[in-house]
Amino acid sequence: MYIRLAVLPGDGIGPEVVAAAERVLAVAAARFDHQVDSRRWPIGGAALRLDLPALPHDTVQACSDARAVFLGAVGDPAFDDLPREARIETALLLLRERLGVFANLRPARAWPGLEESSPFKPERIAGTNLLIVRELLGGLYFGEPRGLDDDGAGAYNTLRYSEPEVARVADIAFTLAAGRRGRVTSVDKANVLETSQLWRRVVKETAPRFPAVVLEHQYVDACAMMLALDPRHYDVILTENMFGDILSDEAGAIAGSLGLLPSASLGSGPALYEPVHGSAPTLAGRDVANPIGAILSVALMFRHSFQAEEEAAAIEHAVADTLASGARTIDLVPSGSRSLTCSEMARAIADRLAQAS
Ligand code: IPM
Ligand code: MN
């Protein structure tokens, strides 16, 4: 097939992990006979440095015209003092909004052989394979009104959800759970928040359409603890925007490093693929970043944008085999131990993917 991509390397380690992902994508394309047409567009600090806004108009247009969008990372401390409207984080939120990607999929696994890299007890996390489905376009991130009080002595945000916003993301979580182990854990704070009571009701109303899926509800504080105590319990965790942001970083620690986590953000148009980690400015330019989150995001792209399960599974196998062989980037080993660079890890995975054919 013909794959037209908009690639947004962004800031910090973004360009490095994107190069790693593109290397694996090129091998997958050759092996499965696909043509990739990818063009790069500026976003974030990289755009600001070109005297463009953090989300340039041409970038949005190119993303809307592509079959899928691949993003490295955004964030640059040099621009931390900009007002919120001009901030880099705001550009990312705007891009998600413009693409209409309301369902953010963040899978996390304890990869065999890697349990020792996690700060959690290996016997507790071994076999963990969960998927966080985070609502991405609502809640506190987007609620109006928001702002600082005129005297600067107070500030406010609005947490608001509507039935259709909950229903559409719940639908995706149940559909995905039906193809996995058949459990949805809906995470909320219904003992305190009206938005969570609405969330719970709409999720309950969704469940009967998926008789093969078991639904349970958990409060977010309990979930944060249970994730650490018994992560294997979870199959699909369905939750609102802010809770999903927080719990997915915790899932990164369970997996062993946030650098391992990929994501897919789905809506009705082109989907957005990005590793869960940020731009990690202190690691930038040193070829030490973990490219696996980005590489696994390529697998998610094949699966969710191109319905190419074989390609997705081949990339995931190449990652699993490479990790099982003992290959580690610096984030996965005790300090001072030998490790692979970002590009060496990418080459190791790309070689395995090529050999498997
Ligand atoms: C993430 C990030 C973003 C978010 C920031 C950079 C806006 O933390 O993708 O998890 O909060 O969604
Ligand atoms: Mn986050």
Of the listed residues (G113, G75), the one being closer than 16 Å to G278 by Cα, touching a helix residue (DSSP H, G or I) at 6+ places or on another chain (Cβ under 9 Å) and assigned to a loop (DSSP other than H, G, I, E, B) is G75
Is the range 183-194 home to any residue that is in a strand (DSSP E or B), in contact with an Asp or Glu (Cβ under 8 Å, 6 or more places away or on another chain), open to solvent by 80 Å² or more (accessible area, probe 1.4 Å) and assigned by TED's automatic domain parsing to the domain that holds L238?
no
For the range 49-63, which positions are assigned to a helix (DSSP H, G or I) and without any contact (Cβ under 8 Å) to a residue 60 or more places away in the chain?
H57, D58, T59, V60, Q61, A62
Flag for P262 being under 25 Å from L300 (Cα atoms) and either in a loop (DSSP other than H, G, I, E, B) or away from ligand 2 (no atom under 16 Å from the Cβ) (or both)
yes
Which of the numbered conditions does G12 fail, given that it passes all the others? Conditions: (1) open to solvent by less than 10 Å² (accessible area, probe 1.4 Å); (2) among the small types (G, A, S); (3) over 20 Å from E309 (Cα atoms).
(1)
Considering every residue within the range 155-163, establish whether at least one is among the aliphatic types (A, V, I, L, M) and assigned to a loop (DSSP other than H, G, I, E, B).
yes
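Please go through the range 1-10 and give me each residue that is over 16 Å from the mean Cα position of the chain (by Cα) and either closer than 20 Å to I330 by Cα or assigned to a strand (DSSP E or B) (or both), ordered by number.
Y2, I3, R4, L5, A6
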Being open to solvent by 10 Å² or more (accessible area, probe 1.4 Å), in a helix (DSSP H, G or I) and within 16 Å of ligand 2 (Cβ to nearest atom) is the filter here, so list the residues in the range 217-258 that pass it.
V220, A224, M242, F243, D245, I246, D249, E250, A253, L258
Over the range 265-291, the set of residues within 13 Å of ligand 2 (Cβ to nearest atom) and more than 23 Å from G336 (Cβ to Cβ) is S265, E274, P275, V276, G278, S279
Quick one: in the range 217-242, which of the residues that are among the hydrophobic types (A, V, I, L, M, F, W, C) and touching a residue at least 60 places away in the same chain (Cβ under 8 Å) is nearest to ligand 1 (Cβ to nearest atom)?
M242
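The values are calculated or read from the model by the stated rules, or taken from the named source; none is laboratory data. Just so it is clear, the model here is predicted, and its values are computed rather than measured. Note that each Cβ is placed from the backbone with ideal geometry, even for glycine, and that neighbours are counted across all protein chains shown. Areas reflect the complete protein model, heavy atoms only, side chains present, ligands, DNA and RNA absent. Shrake-Rupley method; radii C 1.70, N 1.55, O 1.52, S 1.80 Å.
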